[in-house]
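Written out below as structure tokens is the structure these notes cover.
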Amino acid sequence: PDPRTFYEAVGGEPTFRKIVARFYAEVADDEVLRPLYPEEDLGPAEDRLRLFLMQYWGGPHTYSDQRGHPRLRMRHAPFKIGPIERDAWLRAMRIAVDESGIEEPYRTQLWQYLEMAAQSMMNSWV
Ligand code: HEM
């Protein structure tokens with residue numbers, strides 16, 4: 001078994017930076033997702049998602065140092081997330097993961113987590 005964390009095994013911060021930047025490039029052009037973001041500048045949202053994912057996969061705890069306990073369902077409550085929003089989020093993330101260069105089995109592990117997480121963030125069924 002690989003003794004490294006998932007975070008280290010996939011290349012650490014540069015890999016997460018690449019994935020999340022690619023994801024937000026899609027968000028910027030997505031007519032479902034873009035209107036959900038309250039801020040004109042997507043940069044801070046990009047930082048928060050990158051730091052969260054780095055922490056989740058065994059990297060530095062900067063996310064919680066800055067933001068406290070993730071409480072992601074609660075933090076998403078202000079935004080209507082139904083099947084259309086979930087699918088748009090996963091479409092953008094799929095591109096980001098596919099272009100990341102992460103190898104198997106890590107890529108599948110990451111993707112399964114993201115699908116599960118997106119499903120669990122839903123708060124609307126329309
Ligand atoms: C924040 C949308 C799923 C992680 C946000 C924000 C929006 C949003 C509009 C506020 C932007 C901001 O931070 O300023 C969505 C939609 C999803 C989704 C439409 C569709 C399912 C997910 C998933 C994750 C995630 C699956 C994690 C795997 C985060 C994080 C933040 C955030 C870490 C920042 C929380 C904070 O510290 O305030 N999301 N999200 N989101 N989202 Fe999502």
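Just the residues that are in a helix (DSSP H, G or I), more than 9 Å from the ligand (Cβ to nearest atom) and within 20 Å of F16 (Cα to Cα), please, taken from the stretch 73-101. Result: R91, A92, R94, I95, A96, V97, D98.
In this entry, P70 is excluded by the filter for residues that are away from the ligand (no atom under 12 Å from the Cβ) and either free of Cβ contacts under 8 Å to residues at least 24 places away in the same chain or part of a helix (DSSP H, G or I) (or both). Just so you know, in the stretch 27-37 the residues that are near the ligand (Cβ under 9 Å from one of its atoms) and in contact (Cβ under 8 Å) with a residue 12 or more places away in the chain include one that is nearest to H69 (Cα to Cα), and it is L36. For Y63, the criteria (1) of a type outside the set (D, E, K, R); (2) more than 19 Å from A96 (Cβ to Cβ); (3) near the ligand (Cβ under 9 Å from one of its atoms) hold in every case but one, which is (2). The set of residues in the stretch 102-117 that are among the charged types (D, E, K, R) and near the ligand (Cβ under 10 Å from one of its atoms) contains only E115.
No value in this document is a laboratory result; all are computed from the given coordinates. As the structure is a prediction and not an experimental result, all values here were calculated from the model. Because the Cβ atoms are built from the backbone with ideal geometry, glycine has one as well, and the counts that use them run over all protein chains shown.
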